[in-house]
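The values are calculated or read from the model by the stated rules, or taken from the named source; none is laboratory data. Predicted model, so just to flag it, every value in this text is computed and none were measured. Glycine also receives a Cβ, built like all others from the backbone with ideal geometry; neighbour counts cover every protein chain displayed.
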Amino acid sequence: MIKRGDIELKIKETLNERAENISLSNEDFEVMRRKVNYSINSFEEEKNMKKFSFKKIAVVVGAICILGSVTAIASGIIAGTEARTNIKDEIKDYEKVSKLEEKAGFGFDIIESFDNGYKFDYAVPVYSNNIDEDGNKTGYSWVDVSVNYKNEKYSDVSLTATKNLYEEGTIDENEDYKGTVINYSYNNYMFVPPTYELTAEEQALVDSGDLVVSYGTDEVEHKVVENVNWVDDNVQYMLTTFDNDMGKDILFDMAKEMIDAE
Amino acid sequence: MNVESIVKRMINDDREAFDILMELYYKKAFRIAYLISGKYADSEDIIQDAFTACYLNRKKIREPEYFERWLYRIVTRTAWDYCKKSKREQPVDNIFDESIKDDRCFIDDIIKSQENMELYKIIMSLPIKQRTVIILHYYNDMGTKEIASITGSFEGTVKSRLFAGRNSIKKELSKREQFCKKEVPSN
């Protein structure tokens, strides 16, 4: 008859022998460590891309949609554009912003500060691609440059430089400044979660062009978005701001300062 | 080395601290994964997933002094998921490269390591949760309370599984002993 004590000793001995016979080298550990760190980095990069400054990205997307269609591509009907940035690409030093020219694939001119007190805060590349009605990427992607400016008195202003020239869309006002046309638009935006369904009233406002809807935030938010844009040397520049009390004249002045600096 | 302080550093996003913890617990965690799953290749994936989950959920650690228990909980649950996916509830026939002759006499002919191999085969044939309790108790020297915390069960359940697992092993060993006695001709 097998005694309990014997059984327990045998079980312990068996498991120990089985486990300790597995050879695990330093190299095995290093391989595992690299794979684990890679998984973690990939996960965190994905998380950063989705959360960073979504509203501003959305406005770039929205501005693109407002401004009109992009160059048609072969694989499908363009239903919209998606854009994303990565917080790891953020450049806080104005002197280093020129590095983004390589990522974007084009040269651009920006200034460090404006007379009205707006100062350079950070710059990031914006990765964009078109999507079809089913939300699939349609194969056309590009990189824009986005620069954030801060002011003690007013809301932030975002400058986007893009090589992806768009046809003119809704324009509320424009001005010819030294041969460069500056267009101004004013829009009511609604930022909504990805699964949000528009009410009939909201859809009617979208259809009439009185409301722009942008998907991807956690909650529903309404913002007034103002934008001035112009083209210089085949690069389109857009200054965008949300719920800003400063008035459109200040945006025009900022555009003129940039045109003068180029 | 103060593990608790290293864990606290990891909780505060210190990746170097996490690397240290991985190195400290890699071999032991791997062996637990191997004993539960029975497969070396699966164990590599289990450990990789477990350590990744460990770091990504680091903010949930409430008691850094019990990090080891927390880690083994993740390893155990991940191993269970893998076993479920590959349906390894009865992995007996796939474990060993060498063939085992079932009709060999257990007591008379098999050398020590082969005895252990047979016993391991019996352990691996247990239902996965019973097997896990046996492994954590006899290989990791854990008490029933600690095992309950790791497996997410009541202590009473752990005791039952330990009792049932031990009994199944004993019964199977006795069966084989009886089988050998019948086969040996009496002179």
- prompt: Looking at this structure, is B:Lys27 among the basic types (Lys, Arg) and either within 23 Å of A:Arg18 (Cα to Cα) or buried (at least 22 other Cβ atoms within 10 Å of the Cβ) (or both)?
  reply: yes
Residue list for segment B:32-63, restricted to those being surrounded by fewer than 17 Cβ atoms within 10 Å (Cβ to Cβ) and facing chain A (nearest Cβ under 8 Å): B:Tyr40, B:Leu56
task: Test each condition in (1) under 20 Å from A:Ile110 (Cα atoms); (2) under 23 Å from the mean Cα position of the chain (by Cα) for A:Asp253 and report the one that comes out false.
output: (2)
- line: From the option list A:Leu165, A:Leu205, single residue qualifying as modelled with pLDDT of 80 or more and not in a strand (DSSP E or B) is A:Leu205
- request: Kindly establish whether B:Glu23 is modelled with pLDDT of 90 or more, part of a helix (DSSP H, G or I) and away from every other protein chain (no Cβ under 11 Å).
  value: no
query: When segment B:132-144 is examined, which residues are found to be in a helix (DSSP H, G or I), in contact (Cβ under 8 Å) with a residue 12 or more places away in the chain and either facing chain A (nearest Cβ under 9 Å) or surrounded by fewer than 23 Cβ atoms within 10 Å (Cβ to Cβ) (or both)?
result: B:Ile134, B:Ile135, B:His137, B:Thr144
statement: A:Glu257 passes all but one of the listed conditions (1) part of a strand (DSSP E or B); (2) under 18 Å from A:Gly117 (Cβ atoms); the exception is number (1)
- request: Identify the residue in segment B:113-122 that is within 7 Å of chain A (Cβ to nearest Cβ) and not polar (S, T, N, Q) and, among all such residues, is surrounded by the fewest Cβ atoms within 10 Å (Cβ to Cβ).
  value: B:Tyr120
